[in-house]
1. From the backbone phi of the range 210-219, what are the Karplus-calculated ³J(HN,Hα) couplings (6.51 cos²θ - 1.76 cosθ + 1.60, θ = phi - 60°) in whole Hz, Gly and Pro given as x?
2. Given axes a ≥ b ≥ c from the Cα gyration tensor, I'd like to know whether the range 333-459 is rounded (a/c under 1.5), prolate (a/b larger than b/c) or oblate.
3. Suppose each label sits 7 Å from its Cα in the direction of the beta carbon; what would the Met337-Thr153 distance come out to in nanometres?
4. Quick one: accessible area per residue over the chain, 1.4 Å probe, rounded to a whole number of Å²?
5. Using a 1.4 Å probe on the protein heavy atoms only, what accessible surface does Ser175 show? Give it in Å² to the nearest 10.
6. Which length gain, in nm to one decimal place, applies between Asp104 and Asp236 when the Cα-Cα distance is subtracted from 0.36 nm times their residue separation?
7. Under 28 Å from the Cα of Lys119, which lysines turn up, not counting those fewer than eight places away in the same chain?
8. Using a 1.4 Å probe over the heavy atoms of the protein chains, calculate the carbon and sulfur portion of the accessible area of the chain as a whole percent.
Amino acid sequence: MNSPAPEPITFPEDFVWGAATAAYQIEGATHEDGRGPSIWDTFCRTPGKVYAGETGDVACDHYHRYRDDVALMADLGLRAYRFSVAWPRIQPDGSGPVDPRGLDFYDRLVDELHRRGIKPIITLYHWDLPQALEDQGGWTARDTAERFADYATVVHQRLGDRIGTWTTLNEPWCSAYLGYGSGVHAPGRQDPAAAFTAVHHLLLGHGLAARALQAAGATTVGITLNTAAVAPGDPDSDADQAAVRLVDGLHNRIFLDPLLRGRYPADMLEHIARFTDLAYLHSGDEEIIAAPIDLLGINYYQPTYVAARPGDPGCDGAYPGTEGIEFLPPTGPLTAMGWMIEPAHLTMLLDRVARDYPGVPLMITENGAAFADTIAPDGQVPDADRIAYLDGHLRAAHEAIRRGVDLRGYLVWSLLDNFEWAEGYRKRFGIVHVDYPSQRRTPKDSAHWYREVIRRNGL
Ligand code: PNW
């Protein structure tokens with residue numbers, strides 16, 4: 001029996017359609033134009049940390065090919081492009097002297113985007129902390145938050161007249177917990193106290209930068225979180241619901257509450273106190289972090305299921321203090337990352353964020369999937385699994401809008417296959433295939449499909 005054709009859906013007028021990337025994942029040219037080393041340059045050279053010892057040294061060579069890449073975006077009909085600025089290109093040592101050549105690159109990129117009618121959405125920090133700052137403690141040092149605000153001001157001075165939407169941090173959860181807790185991301189530290197200290201200084205850096213950007217006249221300022229859709233293994237189990245509350249606290253509320261309610265949740269402060277004395281939390285900090293924002297970016301890939309299991313070691317590192325909680329293994333069809341495919345959880349997540357933290361417009365700043373894509377003999381890249389993933393998640397986003405969520409746009413992760421952090425180049429998230437040896441770009445079937453979605457403003 002054939003399943004009935006899904007209903008056509010249309011998105012709101014002005015809905016922003018685009019794609020996202022990040023500097024270290026695509027630019028390459030890590031030794032050019034005065035760029036200083038970042039924590040990812042160092043991490044990639046630490047044996048055993050990145051698949052096959054790969055690095056972002058060349059990546060997609062976007063630093064030299066940005067003009068062609070913007071032409072490709074225009075061919076695909078993208079209305080918006082989210083990219084990140086590499087802090088070590090702007091301030092090679094993370095503070096002090098500015099290298100104008102780094103700013104020149106983003107200046108050219110932004111002009112090219114405007115020339116093609118594509119709206120730039122800037123991310124100031126997508127994980128490439130200048131190594132010089134890490135040497136002074138990185139995000140465990142309060143000073144890094146202040147330096148981040150200085151850097152934000154420098155970038156705004158140069159690009160502020162041509163960029164409407166500014167986001168400060170990408171996924172501080174990853175920076176703090178994967179960088180300083182589990183150590184699977186740069187700088188690779190494994191210390192729960194450091195992870196919580198980093199959470200706070202990232203939030204503080206966001207608040208200081210947001211204030212500085214707003215004072216300088218930026219109209220739309222926000223932050224992007226990889227909010228998790230945490231669900232219980234057994235919805236009828238009180239113990240599983242308690243596990244959800246803790247994991248949701250560590251992943252979501254620890255960021256959302258200070259940002260949008262002006263204070264850390266009491267249960268989280270109690271939890272953190274198991275690991276640190278909280279001396280890093282100064283009076284007045286929460287007020288800075290709660291600087292009003294105009295946009296909240298949501299990155300969503302997969303759901304998180306947890307259950308209470310006395311005796312389970314929990315997920316230490318990435319979720320400090322979760323002994324007795326099992327993170328349930330994914331089920332059903334998986335992406336090449338081994339991630340579960342569950343679009344309904346995107347609707348639930350958007351709905352929940354909009355309900356619990358009302359008043360701030362949302363944008364999906366990342367959603368997408370890695371699959372084992374290859375170029376077929378006819379030169380096409382068939383990726384029906386990615387099309388199905390994107391179709392399902394767009395329907396889920398539309399359902400959230402139908403329920404009243406103020407969702408302003410959708411940016412697919414990613415424009416290009418790129419350096420997938422600890423996974424190296426073997427995981428391909430792009431809607432455009434990249435053949436690394438030749439740097440040839442080939443739009444996958446999903447890219448052609450996405451162009452039609454944008455053209456029709458719907459499915
Ligand atoms: C996000 N996790 O990263 C990032 O913003 C992108 O740079 C990245 O390429 C994309 O998602 C795909 O991974 C994440 O382990 C990396 O939970 C790891 C996790 C989550 C997000």
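The values are calculated or read from the model by the stated rules, or taken from the named source; none is laboratory data. Bear in mind the structure is a predicted one, so any value in this text is a computation, not a measurement. Cβ placement follows ideal geometry from the backbone for every residue including glycine, while neighbour counts extend to all protein chains displayed. For accessibility, only protein heavy atoms count, side chains too; no ligands or nucleic acids. Shrake-Rupley method; radii C 1.70, N 1.55, O 1.52, S 1.80 Å.
1. With the stated coefficients, the range 210-219 comes to 4, 4, 5, 5, 5, 4, 7, x, 5, 8 Hz.
2. prolate
3. Output for this residue pair reads 3.6 nm.
4. Each residue of the chain exposes 37 Å² on average to a 1.4 Å probe.
5. 10
6. 41.8 nm
7. The qualifying lysines are Lys427, Lys444.
8. Result for the chain: 51 percent of the exposed heavy-atom area is carbon or sulfur.
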